[in-house]
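The values are calculated or read from the model by the stated rules, or taken from the named source; none is laboratory data. All figures in this text were calculated on a predicted structure; none of them were measured in a lab. Note that we place each Cβ from the backbone using ideal geometry, even for glycine, and neighbour counts take in every protein chain shown.
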Amino acid sequence: MSASSRRVFLGGLAGGTVAAGLAPVGAEAAPLSLTDRVARAMLSMQRAAWEQGVAAQAFLERRDMDLVVLCAREAALRQSADGRLANFGEPDNVTDMAANGEPVLRAAEHLGDPGLRAASDRMLEYLLKRAPRCADGTLHHVSNKPELWIDSMYMAPPFLAVAGQPAEALRQVEGLRLRLWDAKKRLFSHIWDEGRRQFVRRAFWGVGNGWAAAGMVRVRAALPPAMGAERERLAGYVRETIDGCLVHRRSDGLFHDVLDDPSTFVETNLAQMLAYSIYRGTREGWLAPWYREAAERLRAAALAKVDGEGYVRGVCGSPTFDRPGTATEGQAFCLLMESARAG
């Protein structure tokens with residue numbers, strides 16, 4: 001590299017670090033916005049497969065394609081031979097890796113990159129042809145047990161829908177709902193064992209219901225216009241889930257980790273996940289405008305938990321997710337919530 005080229009390169013690098021919230025050496029950093037602090041903290045975190053995917057989705061909805069591309073390249077770099085993206089030492093996970101599918105696909109489209117497109121295609125092929133599933137085709141969440149987790153509602157169906165498989169995306173939504181939805185409570189349980197035909201965890205986990213609502217929002221948006229009846233059905237599913245959750249909202253605007261169990265810890269991320277879903281629904285016209293007032297209260301409660309370093313405190317904490325802490329998904333949903341609110 002010539003001296004002049006090196007100066008151009010370093011000048012561009014310095015500009016990029018400022019854009020990402022990192023000041024060049026020797027320069028005084030400008031104050032960061034709340035969302036930039038949240039994004040910076042998220043980028044510092046070690047991440048599992050689904051966390052890489054939801055982080056990339058947050059950048060996608062922020063329209064930050066430079067960071068989407070970087071996240072997508074890392075997910076493709078760690079793609080296992082069977083097609084699972086971002087497979088970083090998680091041999092039993094089935095659907096989690098699909099959270100990376102849309103960012104990789106969008107990065108491929110953005111760049112015209114055949115390598116990234118091939119990585120997206122391999123992820124899709126795994127879901128369609130190789131992933132373990134129930135007799136009716138509903139994907140298992142893990143490969144070593146015939147278990148269905150509500151987390152999967154966010155991981156696989158949205159990618160299937162944007163990758164040209166809307167009927168398969170709907171089949172996954174309906175299969176999970178068939179087993180995990182409680183019509184009386186209007187909430188989803190967490191884990192079902194198809195082999196034993198019983199719940200492993202019947203609890204109405206708050207974040208699990210957030211995964212369900214946000215996942216169905218994204219599936220609905222990706223369905224083609226000709227599937228109007230299916231879009232309306234999904235809108236109804238999301239509406240029921242939001243209503244079921246809001247029954248259990250605390251006076252501070254947050255929820256308990258298990259929605260109907262006040263002995264469990266107070267958790268932050270569900271408020272963000274529901275606010276995201278409501279902002280999307282009211283903007284897209286399938287949720288009544290009055291829901292936005294609820295979203296504003298949820299948002300205020302969640303933003304009050306963001307500390308000076310940009311960490312969203314009190315979410316289901318990584319790496320065990322059974323106590324309050326911080327996690328990539330909590331950071332990502334703060335960004336998703338803010339992007340959905342801004343439209």
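Structure notes:
- Residue 154 vs. criteria touching a residue at least 60 places away in the same chain (Cβ under 8 Å) and either in a loop (DSSP other than H, G, I, E, B) or touching a Gly at 6+ places or on another chain (Cβ under 7 Å) (or both): yes
- All positions within segment 211-251 that are in contact (Cβ under 8 Å) with a residue 60 or more places away in the chain, among the aliphatic types (A, V, I, L, M) and in a helix (DSSP H, G or I): 212, 213, 214, 216, 217, 219, 221, 222, 234
Yes or no, residue by residue, for (1) more than 20 Å from residue 205 (Cα to Cα); (2) at pLDDT below 95; (3) among the charged types (D, E, K, R); (4) in contact with a His (Cβ under 8 Å, 6 or more places away or on another chain):
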site: 280; (1), (2), (3), (4): yes, no, yes, no
site: 296; (1), (2), (3), (4): yes, no, yes, no
site: 300; (1), (2), (3), (4): yes, no, no, no
site: 304; (1), (2), (3), (4): yes, no, no, no
site: 313; (1), (2), (3), (4): no, no, yes, no
site: 332; (1), (2), (3), (4): no, no, no, no
site: 335; (1), (2), (3), (4): yes, no, no, no
site: 342; (1), (2), (3), (4): yes, no, no, no
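- Only one of the listed residues (261, 257) is modelled with pLDDT of 95 or more and closer than 26 Å to residue 42 by Cβ. That residue is 257.
- Reported count of residues in segment 323-337, each being surrounded by fewer than 24 Cβ atoms within 10 Å (Cβ to Cβ) and either in a helix (DSSP H, G or I) or among the β-branched types (Val, Ile, Thr) (or both), is 1.
- Apart from one condition, residue 178 fits all of (1) out of contact with any Lys or Arg (no Cβ under 7 Å at 6 or more places or on another chain); (2) surrounded by 17 or more Cβ atoms within 10 Å (Cβ to Cβ); (3) not small (Gly, Ala, Ser); the exception is (2).
- Every residue from segment 157-176 that is among the aliphatic types (A, V, I, L, M), in a helix (DSSP H, G or I) and in contact with a Ser or Thr (Cβ under 8 Å, 6 or more places away or on another chain): 176
- Complete set of residues in segment 261-307 that are of a type in the set (Gly, Ala, Ser) and without any contact (Cβ under 8 Å) to a residue 60 or more places away in the chain: 263, 271, 285, 288, 294, 295, 300, 301, 302, 304
- Sole exception among (1) in contact with a Lys or Arg (Cβ under 7 Å, 6 or more places away or on another chain); (2) crowded, with 21+ Cβ neighbours inside 10 Å for residue 267, by number: (1)
- Residues that are in contact with a strand residue (DSSP E or B) (Cβ under 9 Å, 6 or more places away or on another chain) and among the hydrophobic types (A, V, I, L, M, F, W, C) were ranked within segment 125-147; the one that is surrounded by the most Cβ atoms within 10 Å (Cβ to Cβ) is 127.
- Qualifying residue in segment 145-156 (condition: of a type in the set (Asp, Glu) and either within 19 Å of the chain's Cα centre (by Cα) or closer than 29 Å to residue 263 by Cα (or both)): yes
Here's the yes/no breakdown for (1) out of contact with any helix residue (DSSP H, G or I) (no Cβ under 6 Å at 6 or more places or on another chain); (2) part of a loop (DSSP other than H, G, I, E, B); (3) among the hydroxyl-bearing types (Ser, Thr, Tyr); (4) buried (at least 21 other Cβ atoms within 10 Å of the Cβ):
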position	(1), (2), (3), (4)
66	yes, no, no, no
70	yes, no, no, no
76	no, no, no, yes
82	no, yes, no, no
85	no, yes, no, yes
100	no, no, no, yes
103	no, no, no, yes
110	no, no, no, no
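- Note on segment 276-305: residues that are buried (at least 17 other Cβ atoms within 10 Å of the Cβ) and not in a helix (DSSP H, G or I) total 3.
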